[in-house]
Amino acid sequence: MGLDPLAAAITGVLAAQVMEVPAYLQRAAGAAVHQNIFAEAGAILRIPPPYQRLAGWAGHALLAVAIMFMYTMSFATVADNDHLLWWGLLAGAIHGALGGVVVGAWPDLHPQIPGHLEEPGVFYRHYGHRDVVTFWGGHLLFGLVSGTCYPALHRGLPFGAAL
């Protein structure tokens, strides 16, 4: 079964939003979570502070669509478009491993650096256990959403392809 670009794009944008839910829920509850991917992405793009989160949201969504296309290619070639929930979780773990290294390799990732926060470190480990778990949980959620929503939106796949 071929790739469905529209299903991949919609799934990528949706997965990008869902992966950030744990950080924003914890922040809303008053927990100390330092990572803020939308503000970080806006800062990376050198957008003025009033527009950083909006530009970061758009940049993160576009990156997620590109990453989702990689997921869908692996779904079609490696997984033969079957058991995509599990393949999505595996892809989310790989995505998290690569993303965690990128975070550590880019020391000025956070918009407040140099400022009140130290550099995040690999997997945000300099920010504490909560940020590390939130980072990994978000990437696994991206994989979970990818493995369930893509087959649900794909015009040629049965929803059962997720299982």
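The values are calculated or read from the model by the stated rules, or taken from the named source; none is laboratory data. What you see is a predicted model, and the numbers here were worked out from it, not measured in a lab. Note that each Cβ is placed from the backbone with ideal geometry, even for glycine, and that neighbours are counted across all protein chains shown. Just so you know, the surface numbers come from the protein's heavy atoms only, side chains and all, with ligands and any DNA or RNA stripped out. Shrake-Rupley method; radii C 1.70, N 1.55, O 1.52, S 1.80 Å.
A few points about this structure:
- The combined condition, being surrounded by 22 or more Cβ atoms within 10 Å (Cβ to Cβ) and either at pLDDT 95 or above or in contact with a helix residue (DSSP H, G or I) (Cβ under 8 Å, 6 or more places away or on another chain) (or both), is fulfilled by A161.
- The set of residues in the range 124-140 that are touching a residue at least 24 places away in the same chain (Cβ under 8 Å) and surrounded by fewer than 21 Cβ atoms within 10 Å (Cβ to Cβ) comprises G128, R130, W136, G137, L140.
- Candidates are the residues of the range 73-88 that are outside any loop (DSSP other than H, G, I, E, B) and in contact with a Phe, Trp or Tyr (Cβ under 8 Å, 6 or more places away or on another chain); the one that is most open to solvent (accessible area, probe 1.4 Å) is W87.
- Some residue of the range 87-109 being closer than 23 Å to T148 by Cα and in contact (Cβ under 8 Å) with a residue 60 or more places away in the chain: yes
- For the range 13-50, a residue qualifies if it is over 14 Å from G138 (Cβ atoms) and modelled with pLDDT of 90 or more, and the qualifying residues are V13, A28, A29, G30, A31.
- Restricting the range 99-120 to residues that are open to solvent by 20 Å² or more (accessible area, probe 1.4 Å) and β-branched (V, I, T) leaves a set whose member that is modelled with the lowest pLDDT is I113.
- Residues of the range 1-55 satisfying the condition of being of a type in the set (A, V, I, L, M, F, W, C), in a loop (DSSP other than H, G, I, E, B), touching a residue at least 12 places away in the same chain (Cβ under 8 Å) and open to solvent by less than 70 Å² (accessible area, probe 1.4 Å): M19, A31, A32, V33
- The set of residues in the range 141-158 being buried (at least 18 other Cβ atoms within 10 Å of the Cβ) and in a helix (DSSP H, G or I) consists of L141, F142, G143, L144, V145, S146, G147, T148, C149, Y150, P151.
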